[in-house]
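The values are calculated or read from the model by the stated rules, or taken from the named source; none is laboratory data. Because the structure is predicted, anything quoted here is derived from the model rather than measured. Every residue, glycine as well, gets a Cβ built from its backbone with ideal geometry; the counts of neighbours run over all protein chains shown.
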Amino acid sequence: MTSYDIVIVGGGPAGLAAAISARKAGVEKILILERDRELGGILNQCIHNGFGLHTFKEELTGPEYAQRFIDQVLDEKIEYKLHTMVMDISADRVVTAMSREDGMYQIQAGAVILAMGCRERPRGALNIPGYRPAGIFSAGTAQRLVNMEGYMPGREVVILGSGDIGLIMARRMTLEGAKVKVVAELMPYSGGLKRNIVQCLDDFGIPLKLSHTVVDIEGKEHLTAVTIAEVDKNMKPIPGTEERYTCDTLLLSCGLIPENELSRNAGVEMNPVTSGPVVNESLETNIPGVFACGNVLHVHDLVDYVSEEATRAGANAAKFVKNGKTESGKVVELTATDGARYTVPSTINIDRMDDLLTVRFRVGAVYKDSYVSVYFDDERVMHNKKRIMAPGEMEQVILQKTKLQEAAPSKITIKIEPEE
Amino acid sequence: MLYDVIIIGAGVSGSAIARELSRYEANVCVLEKCEDVCEGTSKANSAIVHAGFDAAAGSLMAKLNVRGNEMMDDLCRDLDIPFKRNGSMVVCIHKEALPGLQDLYDRGIKNGVKGMKILSREEALEMEPNLSDNVEGALYAPTGGIICPFKLCIAMAENANENGVDFRFNTKVEDIKKHEDGLWHIRTNNGEYVSRYVVNAAGVHSGVIHNMVSQDDDKIEIIPRRGDYCLLDKEVGGHVSHTIFPQPTNLGKGVLVSPTVHGNLIVGPTAIDIEDKEGTNTTAEGINDLIAKANDHVKNLPMRKVITSFAGLRAHEARHEFIIGEVKGAEHFIDVAAIESPGLTSSPAIGEMVGNMLKDMMKLTAKSEWKSTRKDIMNPADLSLEERNELIKKQPAYGNIICRCESISEGEILDAIHRPLGARSLDGVKRRTRAGMGRCQAGFCSPRTMEILHRELGLSYEEITKSGGTSNIVMERTKHQKGGEQ
């Protein structure tokens, strides 16, 4: 069996940044395994701009953003394999992979970085009634068809769900000459970034109907129409509010699910809220030497944060390869309550943490003029006012090692609190 | 070409009959209005093999159910398709309904069902811990089983085709007349077909076909009885290990909860009589009804794990009995009509019965060489690492995973396309290989499968369909691509 210091599963933005960071920390034998025909992951189909504002202080397209990292991987001569599917990861870090060229083979990894990304929630999981004709796509599948294969699914479009990919595709389909008739969103708020609502819907006069869902799909062979209706507080359609739209394409942008089949099979503990692994301050899972970053860990809004997180995962994996497992140190649990839905990480080992640690989380509803509060046990140590918080935008707080060492709390709680 | 037998419909009944007839020296052709086999009732049902205690004692339905069930082991071995006798349980949740279990048991005995047992509440819960807390008792039938309906239908059709039966797809029967030459002339959208004998295995359309040739006092009406289903993720496929039925009512066997032979969990069907013979749309009421009913008998059903919902139509006729035999006044025209549940289970026996009937009527002689077996598309997951490596060395396409949810490689998809009666659409590939049937429901693999269909069949992207007809996936090139081509 061949062996590598670090095997990275996935060559998208997370995997690339993790690899570069691990190399910069001095790790020699690194291997990236990528199932697609090129590095860069989903960025390759994101041909719109707006990437990299945080990382590079300029606006790049998805492929341009990816290329900056791919160039570094090439400069650093980091090994990678394309068209390669990882079939299994064992708890003792044996990675089984497969490709046309190399067949099926196993690699012993010193550390594994999970960077598989996420996938879209399909129609079936949404229980939308009606027929099951051609013409229904998840927004990302349509994005691939349009941007990478060069084919248009149709000319008259309805979009269900206001996730970012759906919003971006509303604009993209419009620019390609299609008529996007409406975007329906089940929740009373959008799941996407505010800037995407402005730039992709408002600027093109595409209506966004909040608290609406699809209640019927017509067309036995190909889609001919969908009916949307308003929903009540319990998300149940309100009779009499139905509106029928003739269309040949229905795009679904109803949420992303981290792709953790491999993680689960390996025995990685999952967080039911994020559908991603439970990780500590080092982004390490319950399996020593198995790290996670990017959308496989929790779904991000901005690739810049994916790169930043993956850089940390790469550095921590490098530490693990050099020092092995470190047992010492006080472990503090992080809890999200009162409107905060989860935190990444879930635990912090104060001795092992960096001087500053970014804790990311999402809120469960729209909050206006509210506070993000951090408690060390019962003592409130942070109280930051936010004009607006929404489930579609990830939030963060930064914890200082010195303060944690000083207070030595037994638990840390993040809450959303109203103005007092 | 003059055919000896034309079978109308390439569902599980038509395919079973085609396979049986392929044993004999006869020119046989199957006409199918869709682009593939297994497109109607055969593709959307509970995917189970009934033990046979439901049908009325002495009925043809009972006889063919029990016979079909008995034939299934050998048939599935010959056709190399998965079949598992997981056993079924009819669960009673009301004390006063307990005698109903005994009635079913008695009927099962009359029908020839083997190995049944009435279980106490405790015995039932021990075998199936996720049964409702209200369980009072259950009828256990060890011969109940689970099967892949696509594979059964496709395998029988493929095997028939390998043994010389023609299949004509996208061919819809519009009219049937017996001419003075004594032959059946079948008008279709693809020209006229002429045959000595006709078998009507047209599923929900079998009434329409029957009525084309029957006398005025012998018209039948098939009522499409719609059933909504939910299919759940493999993660929860082990929620129950047996097929769990409620006690039957006059609308049928009720909402069952069962593992599938591929490891998912299936919940369904509802039973709603409709008019539209293509009305396979699910409804919110149907799905809600389904969930409520299933929860009566099985607790903690993880309905958040639904990966798809669908509806199928049963070919119901008022008498609730299979109609198999020569139509009065229409010599050499054989009905195989009103094949509702347990039609899938009965299909091998229906094939045998109709095959024997025609053999006698037509005095058919057996072929000197008939191939009873076929090999299914390989499942590389069954191979060891070394074996799989060897395979990929010889056929590198097996190293290229296309559907990551079900772990299906390009090798399996190529096999599905190039074997007899091969796949020509995304659904055709899906039903043969399971590519696209997993939890992402083809989000990832459909562009890749399209690329393979494009390359292997010489179809343009615009010509590729989900399942034939007008179900095209993409409409045209993007502006940029059009510009680039000029």
field: Within region A:112-130, considering residues that are part of a strand (DSSP E or B) and facing another protein chain (nearest Cβ under 9 Å), the one farthest from the chain's Cα centre (by Cα)
entry: A:GLY130
field: Filter result (among the β-branched types (Val, Ile, Thr), in contact with a strand residue (DSSP E or B) (Cβ under 7 Å, 6 or more places away or on another chain) and away from every other protein chain (no Cβ under 14 Å)) within region A:191-215
entry: A:ILE197, A:ILE206
- prompt: Can you pull out the strands (runs of 3 or more DSSP E) entirely within region A:216-298 that have at least 2 residues that are within 13 Å of chain B (Cβ to nearest Cβ) and closer than 30 Å to A:GLY110 by Cα?
  reply: A:256-258
field: Any hit, region A:131-145, residues being more than 7 Å from chain B (Cβ to nearest Cβ) and at pLDDT below 95
entry: no
query: With respect to A:THR84, is the statement that it is of a type in the set (Ser, Thr, Tyr) and touching a residue at least 12 places away in the same chain (Cβ under 8 Å) true?
result: yes
- line: Condition set of a type in the set (A, V, I, L, M) and under 20 Å from the mean Cα position of the chain (by Cα), scope region B:217-243, selection surrounded by the most Cβ atoms within 10 Å (Cβ to Cβ): answer is B:ILE222
Pick from region A:175-190, criterion touching a residue at least 60 places away in the same chain (Cβ under 8 Å) and either crowded, with 22+ Cβ neighbours inside 10 Å or within 12 Å of another protein chain (Cβ to nearest Cβ) (or both), ranking: farthest from B:SER446 (Cα to Cα): A:SER190
- request: Please give the number of the condition B:ASP335 fails out of (1) over 27 Å from B:VAL91 (Cβ atoms); (2) in contact with a Ser or Thr (Cβ under 8 Å, 6 or more places away or on another chain); (3) outside any strand (DSSP E or B).
  value: (3)
task: Go through region A:146-174 and give me each residue that's assigned to a helix (DSSP H, G or I) and facing chain B (nearest Cβ under 7 Å).
output: A:VAL146, A:GLU149
message: Exactly one condition in (1) modelled with pLDDT of 95 or more; (2) closer than 25 Å to B:PHE53 by Cα; (3) not charged (D, E, K, R) is false for B:MET361; which is it?
response: (2)
- prompt: In region B:328-354, which residues are surrounded by fewer than 22 Cβ atoms within 10 Å (Cβ to Cβ) and over 18 Å from the mean Cα position of the chain (by Cα)?
  reply: B:LYS328, B:GLY329, B:ALA330, B:GLU331, B:HIS332
statement: Reported set for region B:380-409 where residues are surrounded by 23 or more Cβ atoms within 10 Å (Cβ to Cβ), touching a helix residue (DSSP H, G or I) at 6+ places or on another chain (Cβ under 6 Å) and more than 8 Å from every other protein chain (Cβ to nearest Cβ) is B:TYR398, B:ILE402, B:ILE408, B:SER409
task: Could you look through region B:190-215, keep only residues that are part of a strand (DSSP E or B) and of a type in the set (A, V, I, L, M), and pick out the one that is surrounded by the fewest Cβ atoms within 10 Å (Cβ to Cβ)?
output: B:VAL194
- line: Within region B:307-325, of all residues that are more than 14 Å from chain A (Cβ to nearest Cβ) and in a strand (DSSP E or B), the one surrounded by the fewest Cβ atoms within 10 Å (Cβ to Cβ) is B:GLY325
field: Search result, residues across region B:338-354 that are assigned to a helix (DSSP H, G or I), in contact with a Lys or Arg (Cβ under 9 Å, 6 or more places away or on another chain) and within 30 Å of B:ALA442 (Cβ to Cβ)
entry: B:GLY343
- request: State the number of residues belonging to region A:367-398 that are of a type outside the set (D, E, K, R) and assigned to a loop (DSSP other than H, G, I, E, B).
  value: 4
message: Only one of A:SER307, A:SER373, A:SER328 is over 30 Å from A:GLU64 (Cβ atoms), among the polar types (S, T, N, Q) and at pLDDT 95 or above. Can you tell me which?
response: A:SER373
field: Any hit, region A:161-173, residues being of a type in the set (Ser, Thr, Tyr) and either within 22 Å of the chain's Cα centre (by Cα) or more than 22 Å from B:ASN472 (Cβ to Cβ) (or both)
entry: yes
message: Of the residues B:ASP233, B:ASP218, B:ASP228, only one is within 14 Å of another protein chain (Cβ to nearest Cβ), touching a Lys or Arg at 6+ places or on another chain (Cβ under 8 Å) and more than 17 Å from B:LEU131 (Cβ to Cβ); which?
response: B:ASP233
message: Looking at region B:271-306 only, could you name the residues that are more than 14 Å from chain A (Cβ to nearest Cβ) and either on the phi > 0 side of the Ramachandran plot or of a type in the set (S, T, N, Q) (or both)?
response: B:ASN295, B:ASN300
message: If A:ILE78 satisfies all but one of (1) within 14 Å of chain B (Cβ to nearest Cβ); (2) more than 22 Å from the chain's Cα centre (by Cα), what's the number of the condition it fails?
response: (1)
field: Considering residues of region B:412-427 that are touching a Leu at 6+ places or on another chain (Cβ under 9 Å) and more than 10 Å from every other protein chain (Cβ to nearest Cβ) only, the residue surrounded by the fewest Cβ atoms within 10 Å (Cβ to Cβ)
entry: B:GLY422
- request: Determine whether region A:211-219 contains at least one residue that is closer than 22 Å to A:ALA365 by Cα, among the small types (Gly, Ala, Ser) and surrounded by 21 or more Cβ atoms within 10 Å (Cβ to Cβ).
  value: no
- line: By residue number, the members of region B:48-89 that are touching a helix residue (DSSP H, G or I) at 6+ places or on another chain (Cβ under 6 Å), in a loop (DSSP other than H, G, I, E, B) and either surrounded by fewer than 24 Cβ atoms within 10 Å (Cβ to Cβ) or not hydrophobic (A, V, I, L, M, F, W, C) (or both) are B:HIS50, B:GLY52, B:ALA57, B:ILE81
message: I'd like the residue in region B:435-486 that is without any contact (Cβ under 8 Å) to a residue 40 or more places away in the chain and basic (Lys, Arg) and, out of all such residues, is farthest from the other protein chains (Cβ to nearest Cβ).
response: B:ARG455
- request: Please state which one of A:ALA365, A:ALA390, A:ALA408 is exposed (fewer than 13 other Cβ atoms within 10 Å of the Cβ) and at pLDDT below 95.
  value: A:ALA408
message: B:LYS328 - would you say it is out of contact with any Pro (no Cβ under 8 Å at 6 or more places or on another chain), among the basic types (Lys, Arg) and either part of a loop (DSSP other than H, G, I, E, B) or away from chain A (no Cβ under 14 Å) (or both)?
response: yes
Flag for A:ILE113 being within 18 Å of A:LEU167 (Cα to Cα), hydrophobic (A, V, I, L, M, F, W, C) and crowded, with 21+ Cβ neighbours inside 10 Å: no
